[in-house]
Amino acid sequence: MSYTIGHIAAIVQGKTRLTDPGAKIEHLLIDSRRLVFGATSLFFALPGSRNEGSYYISELILRGVSNFVVPTGLEVDAWQFANFIFVDDVRSALQNLACVHRQKYNFPVIGITGSNGKTIIKEWLYQVMHRDLNIVRNPRSYNSQTGVPLSIWQMDHGHQLGIFEAGISRPGEMVRLEKMIMPTIGVLTNIGEAHKEGFIDNLQKAHEKSQLFANAKQVVYCKDVLTPGFNPESWQANAVDREISFFSWSRRPGASLVVVDQIITTGLTIINGVYAGSPVSITIPFTDRISIDNAITCWCVMIMLGYTQELISERMRHLVAVDMRMQLKAAIHGCVLINDSYSNDLLSLALALDYLQQQSIGKKSTVILSDILQSGIPPAQLLELVLEKVEAAGVDRLILIGPEFYSLRAMPALIEGKYPARWQAHVYESTASFIQSVHSSLFKDEVILLKGARIFEFERIGHLLEAQTHQTVLEVNLNAMVHNLKEYQGILDPNTKVMAMVKAFSYGSGSVEIARLLQYQKVDYLAVAYADEGIALRKEGVSLPIMVMNPEEVTFDALTEYNLEPELYSFSILRAFNQFLDRAGLGGFPVHLKIDTGMHRLGFETDEVPAVAEVLVSNHRMVVRSVFSHLVGSDSPLYDEFSLRQASDFQNACTLIENRIGYPFIKHLSNTGAIFRHSQLQFDMVRIGIGLYGIAAAGVTLALQPAVSLKTTIAQVRAVRAGESVGYSRAGLLTRDSSIATVRIGYADGFSRKLGNGVGGMLVRGSLAPVVGNVCMDMTMLDVTGIKGVREDDTVEVFGSNLPVTQLAEWCGTIPYEIMTGISQRVKRVYFEE
Ligand SMILES: *Cc1c(COP(=O)(O)O)cnc(C)c1O
């Protein structure tokens, strides 16, 4: 299918200023960082609440883009040679274009929605059917208001089936998604509490989600997980124009497929059921409840599409886990390894390269890539595309593995100077030959992206490159952090700047990885507690301005050398820094003034402010970059009156300073709690900390996602008789015969000793297992009596999405900040991007 900019202007009914109406458009772009094909891309300047898309136009023009959809009224005279389409609502234009594109195809389309399991079901349906049909689907979980149009845009005449998931967070969104996806077959996973979404209750959510099936002719759903009062079969009443055939499954009688029993053996589950009066059965290589449910839903879809039971059971036996996450881990010789085991296609390659670029700021980067299977593009042309993308991502070294790439190893692009000299390519026929011929010393201080189709078994390369690991890990979900950042930005004024607090290793979550992410997301400022933390960030190439809250005199040298900006909070530090600048002959150095308005920690007293202003008025050594203060209780209504008083004292201090020194500076007061509760106190900038991690005080209605989880594993499980005791000092006296699991985390890791003797617990196979006895230095014992199937090496959640860190804090009688920052450095940090 081909479009010109002229066609698209007509489709979206925009006004135009076209210099070349015949310009061909092949790619839609909404994020300037994801640009690969300049000439044939159309950029939609979406109204983010900040960083307006239009802000990027100059940059994109320099990079070869000349087609833009922009808001009506945007001044474009500066860009003489580009094509512009003007619309009132850029996002709707993108969606309308997707709708028109969708209508060109009439192959079946499966639309999936529900609270959980959408992506897994989509990927599994793909796994079980891709051998028979050419399938188009959303990359990863591109299921939002902008992800769906980009997914739909991939539809092409070669495809025979579409599988698209739809995710919503607010009422009114599904209608738009339905218009783009227009599913002929609907799949409803379940309606649960997955995210705090913007709905009144589950029933409203269920009705909203079911809008996806407004035009579907077939609908698959599970009867057992429906919200009370919600019955999909009642939709038939509204669908006057068509007969909907429903296909339900249940563990109780009365569904199309009734699951009679499931037998779990080592690593496998046999699921027996009755369909159309006959016994049917599948076996899947998973044993957890969620996977079993997802597999049954896929089973129903296959039956509905006419697959035979033989073929279904054959395909089900080979389901493989879907790991959507890109993992970032420490690797040998100071390297960082990004492991992306999601299927290897061009789109997901682009996403992985984007992540590589984000994480390799200031470092060398290497890509290890397998053949890209089933792209439908001739190999030589495919290689060209790969090289183009890799080149655009600024990669230093490319290692290609697989027979297809190997057959092209003599291509000029791989050996000659078409690409810059700093860029090297190596080609190997197989993973085994790569492993044999390469020594690990080849890799040093670089970021390595490992991206291979499953059959290439790149996990073998992963094992070679990964640093040795303690099995207790703190997982940080970078997507969730970005999401949380955007949730908070969404309630701020578009012009309010954001300072991200990355002190104390970003609240224990690691520092440079988070800082890089935030830099990439274009926050305005970072803040750390001590100079050393800032220096570490600079050494890793972080270039955002950084405020140091507790600058000590001995660090002034380093501060100025690394361009770190001190917080000045007393006359003694003000004078000392001034003298230092004087001696060093430095001028115009940015500083931040802290005013004490009630916290009584650091800061100038309000009555000292006039004197401070006097010192600064004729001072050329220092430039006041910002003035700020800190609220003592922004997250609770108890302190609202005090907060307002602090704010007014702060405002007075700022006015006084500004009047006296005669130039403007950034004013900031709010931390996370205040961003939500005191929107009128945002001044010019806010300082966000804990909110980035999805941890909020009671009453916060933003749809935050937990970003950190602490996990460990079981070292041993044993039966212990009643009357025996567990652990030191015989504290864990057993009153019944018990099953005790020893896990690999103790107080030295940050699991407080206060959690011992039943005070705290961890999640084992989804159930809360209380701590039995005292917590040891490196280990803790859990009572897992009655929890089925507990085995050695099982993963155990200490806190995370299912056991909130706030709960752990409550058990310990502390706050989540202390728990998070108390996780010791021996616990490995692993970063995920979905
Ligand atoms: C830590 C800190 C913040 C961030 O607080 P959160 O409650 O985590 O948002 C803001 N300002 C100052 C001065 C801080 O020390």
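The values are calculated or read from the model by the stated rules, or taken from the named source; none is laboratory data. The model shown is predicted, which means the values in this text are computed figures rather than measured ones. No Cβ is skipped: glycine too gets one built from the backbone with ideal geometry, and neighbour counts run over all protein chains shown.
Below is a table of values for the structure above.
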| item | result |
| --- | --- |
| Among residues of the range 766-788, those that are closer than 18 Å to GLN807 by Cβ and either in contact with a Gly (Cβ under 7 Å, 6 or more places away or on another chain) or of a type outside the set (Ser, Thr, Tyr) (or both), counted | 9 |
| Residue satisfying all of: in the range 283-298; part of a helix (DSSP H, G or I) and touching a strand residue (DSSP E or B) at 6+ places or on another chain (Cβ under 6 Å); surrounded by the fewest Cβ atoms within 10 Å (Cβ to Cβ) among these | ILE292 |
| Lone qualifier among LEU616, LEU644 - being modelled with pLDDT of 95 or more and hydrophobic (A, V, I, L, M, F, W, C) | LEU644 |
| Criterion (buried (at least 23 other Cβ atoms within 10 Å of the Cβ), of a type outside the set (Gly, Ala, Ser) and farther than 19 Å from SER626 by Cα) met by exactly one of LEU537, LEU526 | LEU537 |
| Residues being surrounded by fewer than 24 Cβ atoms within 10 Å (Cβ to Cβ) and either of a type in the set (S, T, N, Q) or out of contact with any helix residue (DSSP H, G or I) (no Cβ under 7 Å at 6 or more places or on another chain) (or both) - total across the range 84-117 | 16 |
| Residue under evaluation LEU559, criteria (1) under 19 Å from VAL830 (Cα atoms); (2) of a type outside the set (D, E, K, R); (3) buried (at least 19 other Cβ atoms within 10 Å of the Cβ), criterion not met | (1) |
| Cross-chain or 6+ apart pairs with Cβ under 6 Å, the range 629-651 first and within 17 Å of GLY691 (Cβ to Cβ), then within 11 Å of the ligand (Cβ to nearest atom) and among the polar types (S, T, N, Q) | SER634/ASN671; SER643/SER634 |
| Odd one out for PHE751, checked against (1) aromatic (Phe, Trp, Tyr); (2) within 16 Å of the ligand (Cβ to nearest atom); (3) within 21 Å of ILE815 (Cβ to Cβ); (4) in a loop (DSSP other than H, G, I, E, B) | (2) |
| The range 350-381, subset hydrophobic (A, V, I, L, M, F, W, C) and modelled with pLDDT of 85 or more, residue farthest from ALA393 (Cα to Cα) | ALA380 |
| Qualifying residue in the range 82-93 (condition: touching a residue at least 12 places away in the same chain (Cβ under 8 Å), touching a Lys or Arg at 6+ places or on another chain (Cβ under 6 Å) and part of a loop (DSSP other than H, G, I, E, B)) | no |
| Leading residue by the ranking (farthest from LEU704 (Cα to Cα)) among those in the range 768-805 that are at pLDDT 95 or above and among the hydroxyl-bearing types (Ser, Thr, Tyr) | THR785 |
| Number of the condition not met by SER348 [criteria: (1) within 22 Å of TYR142 (Cα to Cα); (2) out of contact with any Phe, Trp or Tyr (no Cβ under 7 Å at 6 or more places or on another chain); (3) not β-branched (Val, Ile, Thr)] | (2) |
| Pairs where the first residue, in the range 433-461, is at positive phi and the second is hydrophobic (A, V, I, L, M, F, W, C) and not in a helix (DSSP H, G or I), C-beta under 8 Å, 6+ apart | ASP445/CYS335 |
| Residue within the range 19-28 that is of a type outside the set (A, V, I, L, M, F, W, C), surrounded by 15 or more Cβ atoms within 10 Å (Cβ to Cβ) and in contact with a Pro (Cβ under 9 Å, 6 or more places away or on another chain) present | no |
| Considering residues of the range 310-336 that are crowded, with 16+ Cβ neighbours inside 10 Å, at pLDDT below 85 and part of a loop (DSSP other than H, G, I, E, B) only, the residue nearest to the chain's Cα centre (by Cα) | ARG325 |
| Residue in the range 502-516 that is surrounded by the most Cβ atoms within 10 Å (Cβ to Cβ), counting only those that are within 11 Å of the ligand (Cβ to nearest atom) and small (Gly, Ala, Ser) | SER506 |
| Pairs where the first residue, in the range 134-160, is closer than 19 Å to LYS179 by Cα and buried (at least 17 other Cβ atoms within 10 Å of the Cβ) and the second is of a type in the set (Phe, Trp, Tyr) and at pLDDT below 95, C-beta under 8 Å, 6+ apart | ARG137/TYR126; VAL148/TYR142; LEU150/TYR142; SER151/TYR142 |
| Of all residues making up the range 811-831, the number that are outside any helix (DSSP H, G or I), within 24 Å of the chain's Cα centre (by Cα) and either of a type in the set (A, V, I, L, M) or surrounded by 17 or more Cβ atoms within 10 Å (Cβ to Cβ) (or both) | 6 |
| Number of positions in the range 161-191 that are assigned to a strand (DSSP E or B), of a type outside the set (Gly, Ala, Ser) and either in contact (Cβ under 8 Å) with a residue 60 or more places away in the chain or touching a Leu at 6+ places or on another chain (Cβ under 8 Å) (or both) | 5 |
| Residues of the range 414-434 satisfying the condition of being more than 12 Å from LEU400 (Cβ to Cβ), modelled with pLDDT under 90 and in a helix (DSSP H, G or I) | ILE415 |
| The listed residue being touching a strand residue (DSSP E or B) at 6+ places or on another chain (Cβ under 7 Å) and under 20 Å from HIS630 (Cα atoms), out of THR606, THR597 | THR606 |
| Some residue of the range 105-120 being touching a Leu at 6+ places or on another chain (Cβ under 7 Å), aromatic (Phe, Trp, Tyr) and part of a loop (DSSP other than H, G, I, E, B) | yes |
| Residue tally, condition crowded, with 17+ Cβ neighbours inside 10 Å, in a helix (DSSP H, G or I) and in contact with a strand residue (DSSP E or B) (Cβ under 8 Å, 6 or more places away or on another chain), over the range 789-810 | 2 |
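Conditions (1) at pLDDT 85 or above; (2) more than 16 Å from the ligand (Cβ to nearest atom); (3) under 32 Å from the mean Cα position of the chain (by Cα), marked per residue:
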{"site": "TYR406", "(1), (2), (3)": "yes, yes, no"}
{"site": "ALA410", "(1), (2), (3)": "no, yes, no"}
{"site": "SER440", "(1), (2), (3)": "no, yes, yes"}
{"site": "LYS444", "(1), (2), (3)": "yes, yes, yes"}
{"site": "ILE455", "(1), (2), (3)": "no, yes, yes"}
{"site": "THR472", "(1), (2), (3)": "yes, yes, yes"}
{"site": "ASN477", "(1), (2), (3)": "yes, yes, yes"}
{"site": "TYR488", "(1), (2), (3)": "yes, no, yes"}
{"site": "PRO494", "(1), (2), (3)": "yes, yes, yes"}
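Conditions tested, residue by residue: (1) of a type in the set (Gly, Ala, Ser); (2) at pLDDT 95 or above.
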site	(1), (2)
LYS522	no, no
TYR525	no, yes
SER543	yes, no
VAL554	no, no
GLU561	no, no
